[in-house]
Amino acid sequence: MFIEILQRCTKHLFFISIVFILIGCSNESPKEAIDNRWSGELDVHEIISKKERTYGTVVLFSAYNVDENDALERVGVALLAKHSDSNWEVIDTTVESVENDSFAAHHKIVHIENGKGKETEIPIAFGKVEDKRVSSITARVNNKVEKIEILPINSGRYFYKLNAWGPIKALDENGEVMEQYGS
């Protein structure tokens, strides 16, 4: 009798152990997937925005270096694939420092490979706006100058736009260029 109870308990413990191992191996959220990709270097502070596309989910996020001597905020973009509700995979990601007190803008080309070995490149303009006098951001989107939405959240004002490239301009309320990134 005692042996039967011990065998049942052992089976249940084995099953529970397997479940915990599998749960530990999944990235339950985009934040966790990005954190795991930058493990040892950065801690993702906040997911600012997500845009779902046919080729994956593009995420704008803020992060800080794990080295406490480097207090600069980072802003980054990542392309993720969602395999299930609890499993996200980072396909491509980049992070840049927010060093400028008024306007930090960056470019990134995200690389996506389709199942046939062909690679697609998607340019992304992204950054953070600190200067309250900046009322809009513009960039080249598919060879036209377009406004980029500024996303105000508690930790600041951020922006990103797919298919966008420089120059990225910070404009005041009169449409005058206050700062520019790229030419």
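The values are calculated or read from the model by the stated rules, or taken from the named source; none is laboratory data. The structure displayed is predicted, hence computed values, not measured ones. Cβ atoms come from the backbone with ideal geometry, glycine included; neighbour counts cover every protein chain shown. The accessibility values were calculated without ligands, DNA or RNA, using every heavy atom of the protein model including side chains. Shrake-Rupley method; radii C 1.70, N 1.55, O 1.52, S 1.80 Å.
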**Fill in**
Checked Val110, Val145 against criteria (farther than 21 Å from Glu46 by Cα and in a strand (DSSP E or B)); the one match is Val145
**Prompt:** Does Asp67 fit the bill of being assigned to a loop (DSSP other than H, G, I, E, B), over 15 Å from Tyr158 (Cα atoms) and open to solvent by less than 90 Å² (accessible area, probe 1.4 Å)?
**Reply:** yes
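So that you can scan it fast, the table gives a plain yes or no per residue for (1) exposed (fewer than 13 other Cβ atoms within 10 Å of the Cβ); (2) out of contact with any Asp or Glu (no Cβ under 6 Å at 6 or more places or on another chain); (3) not aliphatic (A, V, I, L, M):
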site: Asp35; (1), (2), (3): no, yes, yes
site: Leu42; (1), (2), (3): no, yes, no
site: Thr54; (1), (2), (3): yes, yes, yes
site: Val77; (1), (2), (3): no, yes, no
site: Glu96; (1), (2), (3): no, yes, yes
**Item:** Selection from the range 155-171 of residues that are farther than 21 Å from Ala78 by Cα and either open to solvent by less than 40 Å² (accessible area, probe 1.4 Å) or modelled with pLDDT under 95 (or both)
**Value:** Pro167, Ala170, Leu171
**Complete:** Across the range 66-95, the tally of residues that are without any contact (Cβ under 8 Å) to a residue 24 or more places away in the chain and within 15 Å of the chain's Cα centre (by Cα) stands at 2
**Asked** Cβ-Cβ below 7 Å, separation at least six or inter-chain, first residue in the range 39-58 and at negative phi, second exposed (fewer than 15 other Cβ atoms within 10 Å of the Cβ) and in a loop (DSSP other than H, G, I, E, B): which pairs?
**Response** Glu41/Val66; Leu42/Val66; Asp43/Val66; Glu46/Ser155
**Prompt:** Does Val141 qualify as being at pLDDT below 95, surrounded by 14 or more Cβ atoms within 10 Å (Cβ to Cβ) and in contact with a strand residue (DSSP E or B) (Cβ under 8 Å, 6 or more places away or on another chain)?
**Reply:** yes
**Request:** Test each condition in (1) more than 19 Å from Lys50 (Cβ to Cβ); (2) modelled with pLDDT of 90 or more; (3) among the polar types (S, T, N, Q) for Asn114 and report the one that comes out false.
**Result:** (2)
**Request:** Kindly list, by first and then second residue, each pair from a residue in the range 112-132 that is touching a residue at least 24 places away in the same chain (Cβ under 8 Å) and under 12 Å from Ala164 (Cα atoms) to a residue that is open to solvent by 70 Å² or more (accessible area, probe 1.4 Å) and assigned to a strand (DSSP E or B), limited to pairs with Cβ atoms under 7 Å and residues at least 6 apart or on different chains.
**Result:** Pro123/Trp165; Ala125/Trp165
**Prompt:** When only residues in the range 114-137 that are under 30 Å from Asn154 (Cα atoms) and either in contact with a helix residue (DSSP H, G or I) (Cβ under 8 Å, 6 or more places away or on another chain) or in a loop (DSSP other than H, G, I, E, B) (or both) count, which is least open to solvent (accessible area, probe 1.4 Å)?
**Reply:** Val134
**Request:** Would you check which residues across the range 84-102 are in a strand (DSSP E or B) and within 17 Å of Asp35 (Cβ to Cβ) and list them?
**Result:** Asn87, Trp88, Glu89, Val90, Ile91, Asp92, Thr93, Thr94, Val95
